[in-house]
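**Student:** The structure under discussion is supplied below as structure tokens; questions concerning it will follow.
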Amino acid sequence: MELLLDIALLALLLVTAISIAWIKDLFAAAMLAGIYGLLSAGFFMTMGAVDVAFTEAAVGAGISPLLILLTLALCGRYQRPDRNRARLATALVITVGALLISATTDMPFFGDANAPAHVHVAPHYIHQSMSEIGIPNIVTSVLASYRGFDTFGEVVVIFTAGLGVLSLLMETSAQPGRAIVHTQVEQQSRDIVLRVVAKVLIAPIMLYALYVQFHGEYGPGGGFQAGVIFAVGFILYSMVFGLDAARRVASHGLVQVLSATGVLIFGCTGLLSFASGKNFLDYSALAGNSVTGQHIGIIVIELGVGITVASVMIMIAYLFTGQLRNREAELATDRHQEIPAGAPARSTSTMHSLEQGAG
Amino acid sequence: MNESSLLQLALLIPLLALAGIQLTARRENVREAVSLIAASALFFTVTQLYQPMLDGQTIAVHWLDILPGLALAFRVEPLGLMFALVASFLWIITTLYAIGYMRGHGEENQTRFFSLFAVSIGAVMGIAFAENLFTLFVFYEVLTLCTYPLVTHAGTDKARQGGRTYLGILLGTSVGFFLLAIIATWLLAGTLSFQPGGIFAADTSAVLLSVLLVLFVFGVGKAAIMPFHRWLPAAMVAPTPVSALLHAVAVVKAGVFVVLKICLLIFGIDTLQSIPATNWLLYLAGASILLASIIALRQQNLKKRLAYSTVSQLGYITLGALLATSAGMTGSALHIVMHAFGKITLFFCAGAILVAAHKTEVHELRGLGRQMPVTMTAFLVASLCIIGIPPTGGTWSKWYLMLGTFESGQWVLMVLLMISSLLSIAYLLPIPLQAFFGGRQPLETEVGSPTAIREAPLPSVIALTVTAAGCVYLLLYPDVFYRLITAGI
Amino acid sequence: MLLTSHYNYWVVIALMMIGLYMVIAQGNLVKKIIGLNIFQTSVFIFYISVGKVDGGHAPILTEGESLYSNPLPHVLILTAIVVGIATTALALALTIRIKRAYGSIEERDIQAAEELQERASSQMYARTPARKEQ
Amino acid sequence: MLAHLPILQVILPLMAAPSCLLIRKSTLVWLFTLAVSFAALVVSVLLLQQVYAVGPIRYQLGGWDAPWGIEYRIDLLNAWVLFIVTALSTVVLTTAHTSIQRELEANRQTVFYTLYLLCFAGLLGIVATGDAFNVFVFLEISSLSTYALIALGKDRRALWAAYQYLIMGTIGATFILIGIGFLYMMTGTLNMADLAGRIPSLSESTTVLAAFAFIFVGICLKLALFPLHLWLPNAYSCAPSIVTAFLAATATKVALYLLLRFTFTVFGVDFSLSHLPLDILLISLGLVGVFAASTVAIYQTNIKRMFAFSSVAQVGYMVVGIGIGTVTALQATLLHLFNHALMKGGLFLALAGLVYQLGGCRIEHFRGLGRSMPWTMAAIVVGGLSLIGMPLTVGFVSKWYLISAAIEQQFWGVAVLVLLGSLLAVAYIWKLVEAAYFQAPADDTRAEAPLGILLPAWLLIAANIYFGIDTRLPVEVTAAASQFLLGDAAQ
């Protein structure tokens, strides 16, 4: 049964992937990408990777299609059919593929319980985590404690991405559009049904986010998933009730500060252990009893993760939708202009000044 | 004042001169006074090393280790001292001459010019007193780099082209071959310091040694062995004092001196004789001599002709060194000195003619002897010195070179040397002779008119007189250097 | 035998290659990014397959269970997923800016614009004063 | 606190980055960043001393012993690289304020410094860690911030360059991820030392070979080794000057460190160099890279781009060193790691001064620079000489070792080619010299670069000369490091 499900899912994944590669309508491609994410989440489920499935569902089928769609709204929906470098690509893909296939020949069998991967490090987690950390969800304990530093890195990665997007899309003095209010984003919100449904939905979503956040030790979930869900709820709100409404709730500045705060919470929790001469991220220093210490530590850092992830996601959503509204503002104001004002205008003008400097 | 600190001084004076020149850049006279004083001081310091050297004292200075076992260190040894003496003496004269020339010619950036002059002489001192190949290489490159701006002093496109060839060949050979050879030697012999009798173990394979020798001889591009001689004529775009310094004293002599020193103190006479490569390098040197002389014959531009004559004369020195007999070595060492004096005089004359009469082509010089008797006499003497006939010191070096070929039974080379001497007569002597007895020239009418040609500015004339006198003096008293050379070989 | 034990890996490899192909061959920047997503996601699938243990349960300790699937790959992939979405977000933001700057998100147009600009600037400099002779 | 040095090295900038966002005021942020970078430098110096004295240091994160937890393991090799990265970053940062004022809008500056710190921390994390997967995480931190930093360049090309780099970099990182996955699958561990212990028994397995291949290619993408260098020139020439200087001085070095770490420590020298024809591969790739890149460099009109290509060439030299694989050769590589950081740091900072004054650095901007910006130009000349490998500069030292290594192994051809390669450097450096000293400036006004840029640039140039004469520190450290590297590979 499980095997069949497995095969079916993989087959579906294959089909989806091919059709994504095939299709020229990027909008559809984005949707298919979402489906791809959902399918892989399902696959992870069958593999017993519940947390991963959860996350992949939230990211692969949630955030990333959303972002892609927002981008498409700005960049146009259809791609031009051209296969540049097709030959090179094929050659490269074939070589890499061949290498990979050859690599599989020496691999341990799929699902083999005595594969080296399962007998060296992993058993320690499975058998010791309860006594050492005292929470049932092994993944959480590995994630937050044994390999807590990776997770710290992960938070920083998200933070970095948020800042990167910020640095790319932040409103510069050259950009107009702040004044314009009538944007597609607002127009949606005239739909009464949507408003009501949203009103009803948002509260439980937030609540669920909190549940996922703090239930992470016992069941699937944790800071990251919670953060994503929270962000999704908020983004929904901003879509229905408008960017400005959302900004009134959580201003751009606040979101930035929060994103930083999350990282700092995580880091400082790690630093606390210096006080009692323990190593970085050694939570056992947080309380008399080491297990309690671990427990507290995990709760706190998961909170940090949640805050950062949520705020970064919201920040990114803000920035993307902000672009969207600018775009529409420009289309509304200066249709006659060939290139949209803003970034290109600025960059070309700087180009000009550069060359003046040279001449 | 003990000797080693004298040596330090000899190395530092040029730097002090550089500082002084930079500081007094604003006031010309002071600046040039500084140059002159520094030059004299340097010469004096070097002479002070002479006697102790002959008394067999070891005078050495160790600056610092760049890499473990690779030191910037200096030691006075006879040949080096000889080279240093010649260079530092001629630096005084050249400076004197340069002052006259640069003013007479109204050149730009004189401060830069004199500063680099000082640096290059400093580099020459470094080469002369280097205790090991590494130190030598360092200063060799310094010399290359600091003479580049001198060559391209004019800053015109032509100058830039010349500079390119100059730098290209000198850097190319030194980095491509010389450095490679040095590192190989380092790994092979475990040391780079010069030792009488060479540093290679007796059992080193002759093939490898041949490769090294070839690399060395070609690597020292400053020795201008064909086919790596192109930079020399190319560098003729430089102002004449530079040409004088480059082609008589600093650069080319540094080159042949390095070759000589490598033959003598890295390989050693015995090893050298046993290497197969020596023989055909000899013939290459011979060919270089002959070809250069022939090309020189066909040059109409005076400086170009002198340049090719230099190439051929350098061939003599390399050849002497490669002969690997004491007579040959002596000859080549002596020729370093003699050619230095002779050739610098010739360039001084060329420069004087340029400044005074604005002439650069050979055929324009007919009858110039009347307007510029001193210059032309000097030219005559110097030519004789280069050719190697009395009453000039050139006689000695040529004599020993012949002896060397005779001893080692290289009849072919012997004949070759004779031929090229005849050639050198053919391309040098006509110039002064025509100047004196070449009869009248249309230009003659100009005499008496305000633009009449007369001798070059006094400093220049003094300079070329002194060096010409030097050529004669060396016939009578070659002993000064001869003693050093015998001590060295 | 090999089939039943390895088909998982092979499918994953196929998925990876599709993704990689898209990244290289597609001219549209957004499509490239989607390709990148597929490529990475399939790597995740590979990792999770490695973590699979026959009859193993989700790695959440429960009474009377001894066989769990390997938690370590799950942890790694949780991190990797986050990295993936981070990259995607950044890439998309870049795409938006590129669209604004070049007015297109097709590789060809952009490269064409590049060459044009390059030529323009060199012509601009060709007009600067010629060198002086001394 | 001394016990925590290894983690402090990374955690300082990592925690400082978000704090920047809270400070906001750009000048303050700059000072703060500078202070943090300097603190990191101090830490790295202390680490280097400690390691040199007592040997490798291990630090268990979260107090969990390896291989169950992540451990930091500082030996001479990465202590050395840490020192290089922190030192260069500090010097570069001193110029940041002046240069960024010109090249960035006010409201982007805070973000810039935050990203800078993140990139810095990422690089340090890669170097310090002893855990294969942790490498991946920090690699992504540094990469993501780098993409963003490059995209901050004024010219719109910066965006395109950043995008290209993002695609290539992500492919590279994913390759590394695949490789690590294979390794984990075969060994069940992620700890480098543990892996090193287990791989020899698996040296026949194609999976491990594939793992090596993927990791190797992935790193070479980051390293911009010759055929995979395409992203680098655009990225370097379009990024803000400071970013270029920082990346040129540190990023490729860290990638090279990874290559060394994986080939020699994780897989072990007998696996890497005797199982595979890696030595031939590396030497040939390196040499081809040297010649191809240098030749292309000669024809560049954008000087930042020219030096970017020269960087690719220099990477070639380092890779040749790895390929030869003797103690001397590795020492040459490690020396060049340091030396090249000094050269390119100095050169790109000098260029930053140029951009500051003239708003660009195409060859045309160099006309008469000898007169209009004498000090900047002098810096470029000296740096160039060091790049060529003139005696009494650092360039000479590393070249000396590389050639000695080649000749020791009787690779005469390699030795000759390396030397010829340095002659190509002469060609493109002299292009600048001639433009600067033999052509009249467009306008004869003497406008020297601001001291804020000039002094740091000269600091690095001076270092080029100082360490070319007093070579004790680098030579001793690298000698010990390379012996250590081959020593523990031998086990």
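The values are calculated or read from the model by the stated rules, or taken from the named source; none is laboratory data. The structure presented is a predicted model; accordingly, all values stated were derived computationally and were not measured. Methodologically, a virtual Cβ is constructed for each residue, glycine included, from the backbone with ideal geometry; neighbour enumeration extends over all protein chains shown.
**Student:** Write out, first by first residue and then by second, each pair whose Cβ atoms fall under 7 Å of each other, whose residues are 6+ apart or on separate chains, and whose first residue, in the stretch A:149-161, is facing chain C (nearest Cβ under 7 Å) while the second is in a helix (DSSP H, G or I) and of a type in the set (Asp, Glu).
**Tutor:** If the second residue must be in a helix (DSSP H, G or I) and of a type in the set (Asp, Glu), the pairs left are A:VAL157/D:GLU140.
**Student:** Take D:THR265 and tell me if it is over 30 Å from D:VAL111 (Cβ atoms), more than 14 Å from every other protein chain (Cβ to nearest Cβ) and either touching a residue at least 12 places away in the same chain (Cβ under 8 Å) or assigned to a helix (DSSP H, G or I) (or both).
**Tutor:** Values: over 30 Å from D:VAL111 (Cβ atoms): yes; more than 14 Å from every other protein chain (Cβ to nearest Cβ): yes; either touching a residue at least 12 places away in the same chain (Cβ under 8 Å) or assigned to a helix (DSSP H, G or I) (or both): yes.
Here the answer is yes, as D:THR265 does meet what is asked.
**Student:** Same structure, new question: When you go through C:ILE77, C:ILE34 one by one, which is the residue that is within 7 Å of chain A (Cβ to nearest Cβ), modelled with pLDDT of 90 or more and touching a Phe, Trp or Tyr at 6+ places or on another chain (Cβ under 8 Å)? Can you show your working first?
**Tutor:** Values: C:ILE34 fails: touching a Phe, Trp or Tyr at 6+ places or on another chain (Cβ under 8 Å).
Within the list C:ILE77, C:ILE34, the selection yields C:ILE77.
**Student:** Let me confirm something: among C:SER104, C:SER42, which residue is more than 7 Å from chain A (Cβ to nearest Cβ) and in a helix (DSSP H, G or I)?
**Tutor:** Numbers: C:SER104 fails: in a helix (DSSP H, G or I).
After applying the criteria, what remains is C:SER42.
**Student:** Could I ask something else about it? So which pairs qualify, if the first residue must be in the stretch C:101-113 and touching a residue at least 60 places away in the same chain (Cβ under 8 Å), the second must be β-branched (Val, Ile, Thr), the Cβ gap must be under 6 Å, and the two must be at least 6 apart or on different chains?
**Tutor:** C:ILE105/C:THR95
**Student:** Hey, does the stretch D:355-377 have a residue that's of a type in the set (Gly, Ala, Ser) and modelled with pLDDT of 90 or more? Steps first, please.
**Tutor:** Keep residues of the stretch D:355-377 that are of a type in the set (Gly, Ala, Ser), which gives D:359-360, D:368, D:370, D:372.
Filter again for modelled with pLDDT of 90 or more, leaving none.
Looking for residues that are of a type in the set (Gly, Ala, Ser) and modelled with pLDDT of 90 or more, one finds none in the stretch D:355-377, hence no.
**Student:** If you take the residues in the stretch D:155-172 that are surrounded by fewer than 23 Cβ atoms within 10 Å (Cβ to Cβ) and within 11 Å of chain A (Cβ to nearest Cβ), which one is modelled with the highest pLDDT?
**Tutor:** The selected residue is D:ILE171.
**Student:** Go through the residues of the stretch D:38-57 one by one and say whether even a single one is modelled with pLDDT of 90 or more, hydrophobic (A, V, I, L, M, F, W, C) and closer than 27 Å to C:LEU72 by Cβ.
**Tutor:** Yes, the stretch D:38-57 contains at least one residue that is modelled with pLDDT of 90 or more, hydrophobic (A, V, I, L, M, F, W, C) and closer than 27 Å to C:LEU72 by Cβ.
**Student:** Which is within 25 Å of A:SER167 (Cα to Cα) and more than 8 Å from every other protein chain (Cβ to nearest Cβ), of D:PHE216, D:PHE120, D:PHE175? If you could, list the steps in order and put the result at the bottom.
**Tutor:** Details: D:PHE216 fails: within 25 Å of A:SER167 (Cα to Cα); D:PHE175 fails: within 25 Å of A:SER167 (Cα to Cα).
Selected residue: D:PHE120, the only one of D:PHE216, D:PHE120, D:PHE175 that is within 25 Å of A:SER167 (Cα to Cα) and more than 8 Å from every other protein chain (Cβ to nearest Cβ).
**Student:** Across the stretch D:39-63, what is the total count of residues that are assigned to a helix (DSSP H, G or I) and away from chain A (no Cβ under 14 Å)? Reasoning before the result, please.
**Tutor:** To start, the set of residues in the stretch D:39-63 that are assigned to a helix (DSSP H, G or I) comprises D:39-54, D:61-63.
Then drop every residue that is not away from chain A (no Cβ under 14 Å), which leaves D:39-42, D:44-54.
Residues meeting the conditions: 15.
**Student:** Follow-up question, since we're still on this one. Tell me the residue from B:GLY328, B:GLY369 that is crowded, with 24+ Cβ neighbours inside 10 Å and small (Gly, Ala, Ser), please.
**Tutor:** Being crowded, with 24+ Cβ neighbours inside 10 Å and small (Gly, Ala, Ser) holds for just one of B:GLY328, B:GLY369, which is B:GLY328.
**Student:** Which members of the stretch A:109-119 meet the condition of being surrounded by 17 or more Cβ atoms within 10 Å (Cβ to Cβ) and part of a loop (DSSP other than H, G, I, E, B)?
**Tutor:** Across the stretch A:109-119, the qualifying residues are A:PHE110, A:GLY111, A:ALA115.
**Student:** Could you grab me the full set of residues in the stretch A:94-130 that are among the small types (Gly, Ala, Ser) and without any contact (Cβ under 8 Å) to a residue 12 or more places away in the chain? Walk me through it before giving the result.
**Tutor:** Keep residues of the stretch A:94-130 that are among the small types (Gly, Ala, Ser), which gives A:97-98, A:102-103, A:111, A:113, A:115, A:117, A:122, A:129.
Residues satisfying the conditions are A:GLY97, A:ALA98, A:SER102, A:ALA103, A:GLY111, A:ALA113, A:ALA115, A:ALA117, A:ALA122.
**Student:** Quick one: which of D:ALA249, D:ALA213 is assigned to a helix (DSSP H, G or I), surrounded by 24 or more Cβ atoms within 10 Å (Cβ to Cβ) and among the small types (Gly, Ala, Ser)?
**Tutor:** Numbers: D:ALA213 fails: surrounded by 24 or more Cβ atoms within 10 Å (Cβ to Cβ).
It is D:ALA249.
**Student:** If you don't mind, another one. Might you check whether a residue that is part of a helix (DSSP H, G or I), out of contact with any Ser or Thr (no Cβ under 9 Å at 6 or more places or on another chain), over 27 Å from D:SER99 (Cβ atoms) and modelled with pLDDT of 90 or more occurs anywhere in the stretch D:304-322?
**Tutor:** First pass over the stretch D:304-322, keeping only residues part of a helix (DSSP H, G or I): D:304-322.
Those left that are additionally out of contact with any Ser or Thr (no Cβ under 9 Å at 6 or more places or on another chain): none.
The answer is no, given that none of the residues of the stretch D:304-322 is part of a helix (DSSP H, G or I), out of contact with any Ser or Thr (no Cβ under 9 Å at 6 or more places or on another chain), over 27 Å from D:SER99 (Cβ atoms) and modelled with pLDDT of 90 or more.
**Student:** Could you grab the pairs with beta carbons closer than 8 Å, sequence gap of 6+ or different chains, first residue in the stretch C:50-67 and more than 7 Å from every other protein chain (Cβ to nearest Cβ), second one crowded, with 20+ Cβ neighbours inside 10 Å?
**Tutor:** C:LEU67/C:VAL53; C:LEU67/C:GLY56
**Student:** Right, another one. Do you know which residues across the stretch A:53-101 are among the β-branched types (Val, Ile, Thr), assigned by TED's automatic domain parsing to the domain that holds A:ILE20 and either farther than 26 Å from C:PRO73 by Cβ or loosely packed, with under 15 Cβ neighbours inside 10 Å (or both)? Reasoning before the result, please.
**Tutor:** First, the residues of the stretch A:53-101 that are among the β-branched types (Val, Ile, Thr): A:55, A:59, A:63, A:68, A:71, A:90, A:93-96, A:101.
Then drop every residue that is not assigned by TED's automatic domain parsing to the domain that holds A:ILE20, which leaves A:55, A:59, A:63, A:68, A:71.
Hits for the stretch A:53-101 are A:ILE68, A:THR71.
**Student:** A further question on this structure: Taking the condition more than 22 Å from D:ALA66 (Cα to Cα) and touching a helix residue (DSSP H, G or I) at 6+ places or on another chain (Cβ under 8 Å), does A:ALA285 pass? Steps first, answer last, please.
**Tutor:** On the way: more than 22 Å from D:ALA66 (Cα to Cα): no; touching a helix residue (DSSP H, G or I) at 6+ places or on another chain (Cβ under 8 Å): yes.
Considered against the rule, which asks whether it is more than 22 Å from D:ALA66 (Cα to Cα) and touching a helix residue (DSSP H, G or I) at 6+ places or on another chain (Cβ under 8 Å), A:ALA285 comes out as no.
**Student:** With respect to D:VAL135, is the statement that it is of a type in the set (Val, Ile, Thr), part of a helix (DSSP H, G or I) and at the interface with chain A (Cβ under 7 Å from one of its Cβ atoms) true? Break it down stepwise before answering.
**Tutor:** Details: of a type in the set (Val, Ile, Thr): yes; part of a helix (DSSP H, G or I): yes; at the interface with chain A (Cβ under 7 Å from one of its Cβ atoms): no.
So D:VAL135 does not fit the description; no.
**Student:** List the number of the failed condition for B:ILE93; all other conditions in (1) assigned to a strand (DSSP E or B); (2) among the β-branched types (Val, Ile, Thr); (3) buried (at least 22 other Cβ atoms within 10 Å of the Cβ) hold.
**Tutor:** So the condition that B:ILE93 fails would be (1).
**Student:** So, in the stretch B:222-276, exactly how many residues are under 17 Å from the mean Cα position of the chain (by Cα) and in a loop (DSSP other than H, G, I, E, B)?
**Tutor:** The first filter runs over the stretch B:222-276 and keeps only residues under 17 Å from the mean Cα position of the chain (by Cα), leaving B:222-226, B:228-236, B:238-262.
In the following step, the residues that additionally are in a loop (DSSP other than H, G, I, E, B) were identified as B:224-226, B:228-230, B:238-239.
Residues flagged as under 17 Å from the mean Cα position of the chain (by Cα) and in a loop (DSSP other than H, G, I, E, B) within the stretch B:222-276 amount to 8.
**Student:** From the list B:ILE389, B:ILE353, which one is in a loop (DSSP other than H, G, I, E, B), over 25 Å from B:ILE269 (Cβ atoms) and either without any contact (Cβ under 8 Å) to a residue 60 or more places away in the chain or β-branched (Val, Ile, Thr) (or both)?
**Tutor:** Numbers: B:ILE353 fails: in a loop (DSSP other than H, G, I, E, B).
Of the residues listed, the single one that is in a loop (DSSP other than H, G, I, E, B), over 25 Å from B:ILE269 (Cβ atoms) and either without any contact (Cβ under 8 Å) to a residue 60 or more places away in the chain or β-branched (Val, Ile, Thr) (or both) is B:ILE389.
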